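A short write-up of the structure that comes next.
The values are calculated or read from the model by the stated rules, or taken from the named source; none is laboratory data. The structure displayed is predicted, hence computed values, not measured ones. Because the Cβ atoms are built from the backbone with ideal geometry, glycine has one as well, and the counts that use them run over all protein chains shown. Just so you know, the surface numbers come from the protein's heavy atoms only, side chains and all, with ligands and any DNA or RNA stripped out. Shrake-Rupley method; radii C 1.70, N 1.55, O 1.52, S 1.80 Å.
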Amino acid sequence: MEMVRVGGLVPDAPSDAARLVELAQAVVAAEPEPHWYHHVLGVAHYRARQYELAIERLRESPAGDANWVERPMNYSVLAMAHYRLGHADEARFYLAEAARWIDEANRQTEDNLSGMRPAWGDWHEPVWCPLLFREAE
């Protein structure tokens, strides 16, 4: 799944987006946990220009649950997918939510005296989310 995740980082990458979707689907079918696999599948659908499927997968993912702490990972991709489908209001909403979340994550990091990321952050938080956000902007 790490290869699919990295392949989804770059817009219009020379990789085969349909293959990214196939790989992500195979991993999710074999092992539906951890939760971020579903997020990566949604990104793979987005990269393959399967915008409706991207929205569905991101909404179905545990990260789409309003009570899940990593739910905001989906916002930038949801903004881009809605934009591509001509849903301007939804795109603006998710882009604003992504910006608000990234600002909050940055504040938490600055407020943490040890300089460590919050407990929920691994490499996809400080790297993946801001890259997707900049693309969405």
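Cβ separations smaller than 8 Å between residues 6+ apart or across chains give the following pairs from segment 48-62 residues that are within 18 Å of W36 (Cα to Cα) to residues that are open to solvent by 10 Å² or more (accessible area, probe 1.4 Å) and in a loop (DSSP other than H, G, I, E, B): I55/L85; S61/H35; P62/H35; P62/W68. Taken over segment 84-97, the residue count meeting the criterion of being open to solvent by 100 Å² or more (accessible area, probe 1.4 Å) and either touching a residue at least 24 places away in the same chain (Cβ under 8 Å) or among the small types (G, A, S) (or both) is 1.
The single condition among (1) open to solvent by 40 Å² or more (accessible area, probe 1.4 Å); (2) at pLDDT below 90; (3) in contact with a Leu (Cβ under 9 Å, 6 or more places away or on another chain) that E110 does not satisfy is (3).
If you go through segment 1-56 and keep only what is polar (S, T, N, Q) and modelled with pLDDT of 80 or more, you end up with Q25, Q50.
Could you tell me whether N74 is modelled with pLDDT under 90, part of a loop (DSSP other than H, G, I, E, B) and of a type outside the set (A, V, I, L, M, F, W, C)? Judged against the criteria, N74 is not a match.
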